[in-house]
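What follows is a set of notes on a single structure, which appears directly below.
The values are calculated or read from the model by the stated rules, or taken from the named source; none is laboratory data. A quick note: this is a predicted structure, and the numbers were derived from the prediction, not measured. Glycine gets a Cβ as well: all are built from the backbone with ideal geometry, and neighbour counts include every protein chain shown. All accessible areas refer to the heavy atoms of the entire protein, side chains included, with ligands and DNA or RNA removed. Shrake-Rupley method; radii C 1.70, N 1.55, O 1.52, S 1.80 Å.
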Amino acid sequence: MLTGALLLIFWTFTYLLNISAYPFGGDSSEIATSMVTWGLSHPPGYPLQNLLGNIFVKITPFFNVYQKTAFFSAFFTLFTAIILTLILSLFIKRKQFILLSSIYFLTLFPIWLYGVVPEVFSLALFIVSSQIYLILKFEKIKQFGYFYLFLFFIGLGVSQHHVFIIFIPGYLYILFRKIKIKLKLSIFLKSVFFIFLGFLPYLYAPIVSYLNTPMDIENAKSIDGFIRLILRSSYGTFTAYSGATPNIGNQLINMLSTFVFIIKDIKPLGLIIIIFGLVYLYKKIRHLFIFFIISIIGLLYFYFISNFNLSGSFSMGTFERFLVFLYLILIMIFAFGTAYVYEILAVNVKKLTDKKFIRTSVLATFYFLIFILIINSLLTSQTIIKTVVKNKIFQNYSYNLLDSLPKNSYLFLNSDHGIFLVQAAQLIDNKRPDVVRIPSLIARDYAMTKFKKSNPKVLIPTTTGDLSKIPEINYPKNNFFYSDKPISKGVWTPNGLTWRYFPNIEEYKLYEKAIVDSNVMYWTKTYSLSPLSRSEKSIFFLDHIYEIYANQMSFAIDFLLVNGKNTEVGDILERFLPSLDSQYSYQISYLNFYTLKKQCTKKTDEIFSKLSNRPIRKNSDNNYLIRYAKLCKTTPANTNLQNKETKQITR
C-alpha cells in the first residue's frame with residue numbers, strides 16, 4: 001500500500017505535471033485524433049485504445065484535447081508501474097528494492113516519453129505486465145481464477161498491440177513445464193470463453209466503420225477489411241512498414257542499435273546489476289530465469305525481423321518506442337539484481353568485520369549508488385521531456401503547411417508526419433477544413449468510394465491505374481492542387497512546405513512571379529525555427545520535422561536560384577543557419593550557394609568538413625564537394641575527395 005502511494009506521488013510530479021499540451025510526432029497525432037473522433041488508427045486499429053480513449057476523453061473534465069489523450073497514456077503507465085511492484089512482490093521480500101526498481105522504470109526515457117504523449121504503448125505495457133503478473137500468481141497459488149483472468153488479458157492483448165505475442169512462448173513454458181497444467185474439456189472451454197471475452201473490444205472496429213468514422217483505413221465493417229485490420233496486412237504483420245524487404249546488414253544494425261539504446265538509457269551500472277539479477281535467477285528461481293530469457297530472445301528476434309531502417313530520424317524514433325517492452329523485462333531482472341547484490345554485501349561484510357559502522361557504511365554506499373543511478377536517469381530524461389510538454393513545432397508544421405494553401409485547395413500527402421499532423425489539425429483543431437485531403441490509399445476501392453461520397457466535386461479516374469491523373473483532370477475546375485512531393489507528370493514547383501501542380505510549362509509561366517514571391521515570403525518571413533538544444537536533438541521525431549523543413553528549403557533554394565533570387569537565397573540560408581546547420585540537405589544547399597558565389601569562409605569550411613566525413617551521402621552530392629575543394633584552399637578532407645575524383649577519371 002505504501003509502495004503504491006509513493007509511486008503515485010512520484011508519478012504526479014514526473015508524469016502528471018508533464019503531459020504534452022500539443023501534438024507530438026510519429027503516430028502520436030493520429031492516435032490522438034482517433035481517440036477523439038471515434039476513429040480507427042492505422043492497422044491493427046488499436047480498438048481497445050480507441051474505445052477506452054474516447055470514453056476517457058469525454059469524461060475527463062480538465063485539460064485540452066491533447067492533454068486528455070496524453071493523460072490516458074500517463075494513467076496506464078502508472079498502473080503498469082503498480083503491476084510491476086505486484087510481480088516483484090511475489091519473489092522479493094525487501095520492499096525498498098521493489099520501490100526503487102519501479103521508480104527507476106518510470107524514469108527511463110522511452111517509458112517516460114510515451115507515457116506523457118498520446119500513444120498506444122502505455123496501455124500495451126499495462127496489458128503485458130498484467131499477463132505476466134497473473135500467470136506468475138497462478139503459478140504461485142494454483143487458483144484457476146488467475147488463469148482465466150490471464151487469458152482474458154491475452155484477448156485484450158489482441159485488441160491492443162500484437163507485440164504481446166512475443167511473450168507467448170514464455171507463458172507456454174510456465175504453463176506446461178512449470179505448472180504442468182492439464183487441459184480438461186471444461187478448462188479448455190472456459191479458456192476459449194475468456195480469450196474471446198478479451199477479444200470483444202475488436203467489435204469496436206466494424207461498429208465505428210459502419211457508422212462512417214472519418215478514420216477507417218481497411219473498411220473494418222467488411223469481413224475482408226476486418227481480417228486485414230487484425231493481421232495488419234497493409235504493413236506486413238511483422239515488418240516495420242509496407243515495402244520493407246529483408247536486409248541482413250540493416251537487421252544486424254538493428255541489433256547493435258538495441259544495445260546502444262540500452263546502454264544509453266539503463267546505463268552501465270544498471271546493466272551490471274541486471275547481470276547479477278540473471279545470476280541470482282539462474283541459481284534460485286530457474287523457471288523465472290528461463291521465462292525472462294525466452295522473452296528477451298523473442299523481443300530481440302522481433303527487432304531483427306521487423307527490419308527498421310535506422311538510417312533516418314523518423315525510423316529511429318519509431319524503433320525506439322518498441323524498446324519499452326524489453327525495458328519492462330530488464331527492470332524486473334534489475335530488481336532481483338539489487339536485492340542479490342545487497343545480500344552478497346551484507347553476508348560478506350559481516351564475515352569480514354564485526355564493526356557495525358563499517359557494515360552500515362558499505363550497505364549505505366550501495367543504496368547511494370542506486371540512488372545516483374535513478375537520479376541520473378531522472379534528470380537526463382526530465383531535461384528532454386520538458387522540451388516536449390510545451391513544444392509547438394509539430395503543430396506549427398501542420399499549420400504552416402495548411403496556411404500555404406489557397407482556399408478550397410486539394411492536398412495529397414504521402415509521409416506519416418504530413419498525413420497524421422495535418423489530419424489532427426483539421427479534425428481536432430478545426431484548422432482549414434476547406435482544404436480537401438486526398439487519402440494516400442485512394443487506390444483502394446473502399447477508400448475511393450468513401451472519398452467520392454464526401455467530396456463529390458473532386459474528379460476521380462475510373463480505373464486505379466490512372467490515379468496519377470487526378471491533378472490533371474481536376475485542374476480545369478480547381479487549379480490549386482498541392483502535394484508534399486511530386487506525384488505525377490506535369491510541372492511541380494516548390495510552394496513553401498508543399499509542391500504545386502501545373503499541367504504544362506505554359507500554364508506555370510502564368511503564375512511564375514507569384515510563386516517565386518510566395519516562396520521568398522515563406523522562407524524569409526513566415527517560417528521560423530528555433531535552434532534545437534542538445535536534449536531536443538535526441539527526440540528523433542522532432543529532428544525529423546527539421547529535416548522536412550531543410551529538405552523542402554533546399555528545393556525552394558534551387559528554384560529561387562534559377563529565377564535569379566540570389567540575394568534572397570543568401571538571406572534564407574543565413575536566417576536558418578542557427579537551426580538547420582546540422583541537416584544534410586541544408587548543408588549541401590549552403591555549400592553549393594557559396595561555391596557558386598566563389599566565397600570560402602570559416603563556416604563553409606566547417607560544413608565542407610562535416611559533409612566530407614559523413615559516412616553516407618548521395619553520390620550526386622559529391623560533385624558539390626569536389627567543386628568546393630577545387631575552389632578553396634586544400635585540406636586533408638578535400639585532398640581525399642580530389643584523389644577520389646582522379647581515380648574515377650583514370651578509370
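Taking the criterion of being open to solvent by less than 70 Å² (accessible area, probe 1.4 Å) and either more than 20 Å from residue 31 (Cβ to Cβ) or more than 32 Å from the chain's Cα centre (by Cα) (or both), the residues of the stretch 187-205 that qualify are 187, 191, 194, 195, 197, 198, 199, 200.
The test for being closer than 18 Å to residue 39 by Cβ and open to solvent by 30 Å² or more (accessible area, probe 1.4 Å) holds for residue 453.
Residues in the stretch 548-579 that are among the acidic types (Asp, Glu) and within 20 Å of residue 603 (Cα to Cα): 568, 571, 574.
In the set 338, 360, which member is among the polar types (S, T, N, Q), at pLDDT 95 or above and part of a helix (DSSP H, G or I)?
338
For residue 33, the conditions (1) open to solvent by 10 Å² or more (accessible area, probe 1.4 Å); (2) within 20 Å of residue 416 (Cα to Cα); (3) assigned to a helix (DSSP H, G or I) are fulfilled apart from (1). Out of 310, 352, 328, 288, one residue alone is farther than 20 Å from residue 162 by Cβ and modelled with pLDDT of 95 or more. It is 288.
So that you can scan it fast, the table gives a plain yes or no per residue for (1) closer than 28 Å to residue 225 by Cβ; (2) modelled with pLDDT of 85 or more:
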site: 426; (1), (2): yes, yes
site: 436; (1), (2): yes, yes
site: 455; (1), (2): yes, yes
site: 464; (1), (2): yes, no
site: 476; (1), (2): no, yes
site: 480; (1), (2): no, yes
site: 487; (1), (2): yes, yes
site: 502; (1), (2): no, yes
site: 507; (1), (2): no, yes
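You will find that of 539, 515, 588, the residue that is modelled with pLDDT of 95 or more and not acidic (Asp, Glu) is 515 and no other. Which of the residues that make up the stretch 496-525 are more than 28 Å from the chain's Cα centre (by Cα) and polar (S, T, N, Q)? Of everything in the stretch 496-525, those that are more than 28 Å from the chain's Cα centre (by Cα) and polar (S, T, N, Q) turn out to be 504, 518, 519, 524.
Conditions (1) free of Cβ contacts under 8 Å to residues at least 24 places away in the same chain; (2) under 18 Å from residue 121 (Cα atoms); (3) touching a helix residue (DSSP H, G or I) at 6+ places or on another chain (Cβ under 8 Å), marked per residue:
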site	(1), (2), (3)
300	no, yes, yes
310	no, no, yes
323	no, yes, yes
346	yes, no, yes
376	no, no, yes
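Close Cβ contacts (under 9 Å, 6 or more residues apart or on different chains) running from residues in the stretch 439-452 that are of a type outside the set (A, V, I, L, M, F, W, C) to residues that are modelled with pLDDT under 85 and open to solvent by 60 Å² or more (accessible area, probe 1.4 Å) comprise 444/464; 445/464.
Does the stretch 308-319 hold any residues that are under 11 Å from residue 26 (Cα atoms) and either out of contact with any Leu (no Cβ under 7 Å at 6 or more places or on another chain) or open to solvent by less than 20 Å² (accessible area, probe 1.4 Å) (or both), and which are they?
Hits for the stretch 308-319 are 313, 314, 315, 317, 318, 319.
When you go through 401, 379 one by one, which is the residue that is part of a helix (DSSP H, G or I) and closer than 30 Å to residue 344 by Cβ?
That would be 379, the only listed residue that is part of a helix (DSSP H, G or I) and closer than 30 Å to residue 344 by Cβ.
Filtering the stretch 193-235 to residues that are basic (Lys, Arg) and touching a residue at least 24 places away in the same chain (Cβ under 8 Å) leaves 228, 232.
Residue count for the stretch 576-627 satisfying the condition of being within 24 Å of residue 523 (Cα to Cα), among the charged types (D, E, K, R) and within 29 Å of the chain's Cα centre (by Cα): 1. Residue pairs whose Cβ atoms lie under 9 Å apart, separated by 6 or more positions or on different chains, with the first residue in the stretch 487-499 and over 18 Å from residue 404 (Cβ atoms) and the second small (Gly, Ala, Ser), are 488/468; 489/468. Number of residues in the stretch 290-307 that are open to solvent by 40 Å² or more (accessible area, probe 1.4 Å) and not β-branched (Val, Ile, Thr) equals 2.
Which one of 40, 90, 2, 7 is farther than 24 Å from residue 317 by Cα and surrounded by 19 or more Cβ atoms within 10 Å (Cβ to Cβ)? Show your work before the answer.
On the way: 40 fails: farther than 24 Å from residue 317 by Cα; 90 fails: surrounded by 19 or more Cβ atoms within 10 Å (Cβ to Cβ); 2 fails: surrounded by 19 or more Cβ atoms within 10 Å (Cβ to Cβ).
Checking each option against the conditions leaves just 7.
The rows are residues; the columns are (1) modelled with pLDDT under 95; (2) not hydrophobic (A, V, I, L, M, F, W, C).
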| site | (1), (2) |
| --- | --- |
| 154 | no, no |
| 161 | yes, yes |
| 177 | yes, yes |
| 182 | yes, yes |
| 185 | yes, no |
| 191 | yes, yes |
| 211 | yes, no |
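Taking the listed residues 402, 411, 421, 427, the one that is touching a Ser or Thr at 6+ places or on another chain (Cβ under 6 Å) and open to solvent by less than 20 Å² (accessible area, probe 1.4 Å) is 421, with no other qualifying. Exactly one residue out of 79, 97 is in contact (Cβ under 8 Å) with a residue 12 or more places away in the chain, part of a helix (DSSP H, G or I) and closer than 29 Å to residue 319 by Cβ: that is 79. Applying the set (1) part of a loop (DSSP other than H, G, I, E, B); (2) modelled with pLDDT of 95 or more to residue 414 leaves exactly one unmet item: (2).
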